[in-house]
1. Contact list please: Cβ distance under 9 Å, first residue in segment 67-80 and of a type in the set (Asp, Glu), second residue surrounded by fewer than 17 Cβ atoms within 10 Å (Cβ to Cβ) and part of a helix (DSSP H, G or I), pairs at least six apart or on different chains.
2. If I ask for residues that are within 24 Å of residue 72 (Cβ to Cβ) and out of contact with any Phe, Trp or Tyr (no Cβ under 9 Å at 6 or more places or on another chain), which ones from segment 13-28 would you list?
3. Could you list, in sequence order, the residues of segment 79-118 that are more than 15 Å from residue 41 (Cβ to Cβ) and in a loop (DSSP other than H, G, I, E, B)?
4. Quick one: which of 38, 62 is closer than 14 Å to residue 96 by Cβ and not aromatic (Phe, Trp, Tyr)?
5. For residues that are among the acidic types (Asp, Glu) and part of a helix (DSSP H, G or I), scanning just segment 53-78, find the one that is farthest from the chain's Cα centre (by Cα).
6. Which condition does residue 50 not pass, out of (1) in a loop (DSSP other than H, G, I, E, B); (2) free of Cβ contacts under 8 Å to residues at least 60 places away in the same chain, if it passes all the others?
7. Look at residue 51 and say whether it is closer than 22 Å to residue 109 by Cβ, aromatic (Phe, Trp, Tyr), surrounded by fewer than 16 Cβ atoms within 10 Å (Cβ to Cβ) and at pLDDT 90 or above.
8. Considering each of 19, 14 in turn, give the residue that is assigned to a helix (DSSP H, G or I), among the basic types (Lys, Arg), in contact (Cβ under 8 Å) with a residue 12 or more places away in the chain and over 17 Å from residue 114 (Cα atoms).
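The values are calculated or read from the model by the stated rules, or taken from the named source; none is laboratory data. On a predicted model such as this, the values are computed, not experimentally measured, just so you know. Methodologically, a virtual Cβ is constructed for each residue, glycine included, from the backbone with ideal geometry; neighbour enumeration extends over all protein chains shown.
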Amino acid sequence: MKINTSDRKKFRIRNKLKRSSSADRFRLSIFRSIKNISAQIIDDRKNITLFSVSSIEKDIKSLKKTNKIELSKIVAEKLAKKAQEKKISKIYFDRGIYKYHGRVKVFAETLRKNGMKL
């Protein structure tokens, strides 16, 4: 069975992250579409999603957004607040198939500013 390029890239990046991660960290997986961005924090030991945040949610959608970078900042701030409520401060950043550039980079930097350790 032949695996396409994006699946190979995802598999390669996630395996590197899982090998180098410690037991006290959760995985932050990010998904980026043309207009929206979403992220979820996953516990790989139990194979469950702890919580997720998306730009499609009503409270974020109702805000006046100027561009996609501002939208990713808002989503990152909301994710950081939810993580602090659950007392999660250390995570490892699974960027998936996306380069660490643009909206993905802004997302990670905003998380760092709000107290998350990537």
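1. 77/113
2. Kept after step one, since they are within 24 Å of residue 72 (Cβ to Cβ), are these residues of segment 13-28: 13-14, 16-17, 21, 25-28.
Selection gives 13, 14, 16.
3. Within segment 79-118, 97, 98, 99, 100, 101, 102 meet the criteria.
4. Going through 38, 62 in turn, the sole match is 38.
5. For segment 53-78, the residue satisfying everything is 59.
6. (1)
7. yes
8. 14
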